[in-house]
């Protein structure tokens, strides 16, 4: 029986350069800007290629060295031409098992990651005990629609929060069709 530590080199066996290359490779294969939270989830929680603290540190260093940049008016990061050039030179430093795993992960999760980038939902408790749910659909750096909805309890807020990714497109279509006619 193989465990994940047997299947892939332990993150402790990757040096800092290799870990930064893993991050750059994720950006290159995703081919879309990603939020910092998405990158951290992909590299730590979903796949255990890096630790949380290493991923945070290396993201900051990749931005400082101009291999990643912050997308203007969006809360996302993307790879620069310098990052692509660096990756092409040092590509082979990433263990082949991790490269293959990244490619497989991206194929299976690109659409979900894109939705995660375009659909935003959060909720906050109000002073009177109700909850305000904030739902938004973004396209590039523009917000297509933002809805704030007050619900009576946390259960309703959580239900909306959990379902927004699956319902956002149909909500937008319904609003658009009804308001434009």
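The residue list 23, 32, 63 contains one member that is part of a loop (DSSP other than H, G, I, E, B) and within 21 Å of residue 82 (Cβ to Cβ), which is 32. Picking from residues in segment 66-84 that are touching a helix residue (DSSP H, G or I) at 6+ places or on another chain (Cβ under 8 Å), without any contact (Cβ under 8 Å) to a residue 40 or more places away in the chain and not in a loop (DSSP other than H, G, I, E, B), the one that is surrounded by the fewest Cβ atoms within 10 Å (Cβ to Cβ) is 70.
Residue by residue, here is whether (1) out of contact with any strand residue (DSSP E or B) (no Cβ under 6 Å at 6 or more places or on another chain); (2) under 16 Å from residue 32 (Cα atoms); (3) modelled with pLDDT of 95 or more holds:
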position	(1), (2), (3)
77	no, yes, no
82	yes, no, yes
109	yes, yes, no
114	yes, yes, no
118	no, yes, no
138	yes, yes, no
145	no, no, no
149	no, no, yes
155	yes, no, yes
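Identify, by number, the condition in (1) over 23 Å from residue 37 (Cα atoms); (2) part of a strand (DSSP E or B) that residue 128 doesn't meet. Only one criterion is unmet by residue 128, namely (2).
In a helix (DSSP H, G or I) and in the same structural domain as residue 50 (by TED's automatic domain parsing): does that describe residue 105? In short, yes.
The values are calculated or read from the model by the stated rules, or taken from the named source; none is laboratory data. Keep in mind the model is a prediction, meaning the values are calculated, not measured. FYI the Cβ positions are ideal-geometry reconstructions off the backbone, even for glycines, and counts take in every protein chain you see.
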